[in-house]
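The values are calculated or read from the model by the stated rules, or taken from the named source; none is laboratory data. Owing to the predicted nature of the structure, the values given are computational and were not obtained by experimental measurement. Note that we place each Cβ from the backbone using ideal geometry, even for glycine, and neighbour counts take in every protein chain shown. Each accessible area value is taken on the protein alone, full model and side chains, heavy atoms only, with ligands, DNA and RNA left out. Shrake-Rupley method; radii C 1.70, N 1.55, O 1.52, S 1.80 Å.
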Amino acid sequence: MSQRRFDVAGQRLIMRADRTLHWPRAGILLLADPHFGKGSVFRRQGLGIPAGATRDDLDRLSRALAETGSQRLVILGDFLHAPPAGDEAWLDTFAAWRRRHAALDILVTRGNHDRLASVPDDWALDWRRGTVFEPPFAFRHEPGPVEGAYALAGHWHPVVHLRQGSERLRAPVFWFGAECGVLPAFGRFTGGQPVKPRLGNQLFAVGPETIMHIGIGQRA
C-alpha cells in the first residue's frame, strides 16, 4: 500500500492510498465519511446500484488495520448515509466484520448524516457529538479551526481535477491547511467537492497505487 508521511502539529501522520490516515504515536487509524449503506438507500429508491460496496470498503479497512497495527479507529463523521432499514444486507455484513474486530476501539464523531443514527448496541461504537480532543489534535466532522488544537475533519469529500493534455482525472485529496486538515471520503460510493485551496495549503492527490503531492495552494 502506497503511503506518504506528513508532519503537522509536531506529529508524524501517514497518508495511505486507501484514504485512511495513520497516527503512529497514538496507534490510531482515522477515516472520514464512509457513508455505509448508501447503496441500499439508492436501491430502496429503485436505482440499479450494485451491491457489495460496504463489503469492499470493510475489506479495505481490515487491510489498513492489519498493515498499521492500529488498535483504535476514529471515524470523522457520516458513518451512515441514512437511517438503515432493518432488512438491509449491509447491516449483517458490518455486524460480522465487527465480530472479527471485537477488540478494536471505534470512536465516531457524529456527522450530519448521523443525526438520526441508530445502530445495534453490540456494534460497540463510541458515538460523540461535536469535537473530541486528542492533543495536539481535535477530531470533528465539519472542518474549521479549533482553539488550542489542530483539527482533523471530513465532511467536504475534497477532490481535485488533474489534467494531462486532453486527459482529465478526478482524484480525492488529503488537504492540510494552517489550522485544519480534511480527509478524503473513505467510502468508494461517494461524490466529491472540488477544493479551493489558499496560499500555504498542502494537497495530496490519492490514486489507486500512489499519493502525489500536487503543490501549494494559490492565494484565494
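Numbers for the structure displayed
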| item | result |
| --- | --- |
| Filter result for the condition that a residue is modelled with pLDDT under 95, farther than 27 Å from PRO143 by Cα and among the β-branched types (Val, Ile, Thr), over THR93, THR54 | THR93 |
| Residue identified as over 14 Å from ASP78 (Cα atoms), surrounded by fewer than 12 Cβ atoms within 10 Å (Cβ to Cβ) and not aromatic (Phe, Trp, Tyr) among GLY130, GLY144, GLY181, GLY148 | GLY148 |
| Complete set of residues in region 87-109 that are open to solvent by 60 Å² or more (accessible area, probe 1.4 Å) and under 30 Å from ARG12 (Cβ atoms) | ARG100, ALA102, ALA103, ASP105 |
| ASP87 being part of a loop (DSSP other than H, G, I, E, B) and on the phi < 0 side of the Ramachandran plot | yes |
| Count - residues of region 170-198 that are more than 23 Å from ALA138 (Cα to Cα) and more than 15 Å from the chain's Cα centre (by Cα) | 2 |
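Okay, residues lined up against (1) on the phi < 0 side of the Ramachandran plot; (2) modelled with pLDDT of 95 or more; (3) of a type in the set (Ser, Thr, Tyr); (4) touching a Leu at 6+ places or on another chain (Cβ under 8 Å):
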{"site": "SER2", "(1), (2), (3), (4)": "yes, no, yes, no"}
{"site": "ARG5", "(1), (2), (3), (4)": "yes, yes, no, yes"}
{"site": "ARG16", "(1), (2), (3), (4)": "yes, yes, no, no"}
{"site": "ILE28", "(1), (2), (3), (4)": "yes, yes, no, yes"}
{"site": "ALA32", "(1), (2), (3), (4)": "yes, yes, no, yes"}
{"site": "GLY39", "(1), (2), (3), (4)": "yes, no, no, no"}
{"site": "ARG44", "(1), (2), (3), (4)": "yes, no, no, no"}
{"site": "LEU47", "(1), (2), (3), (4)": "yes, no, no, no"}
{"site": "LEU73", "(1), (2), (3), (4)": "yes, yes, no, yes"}
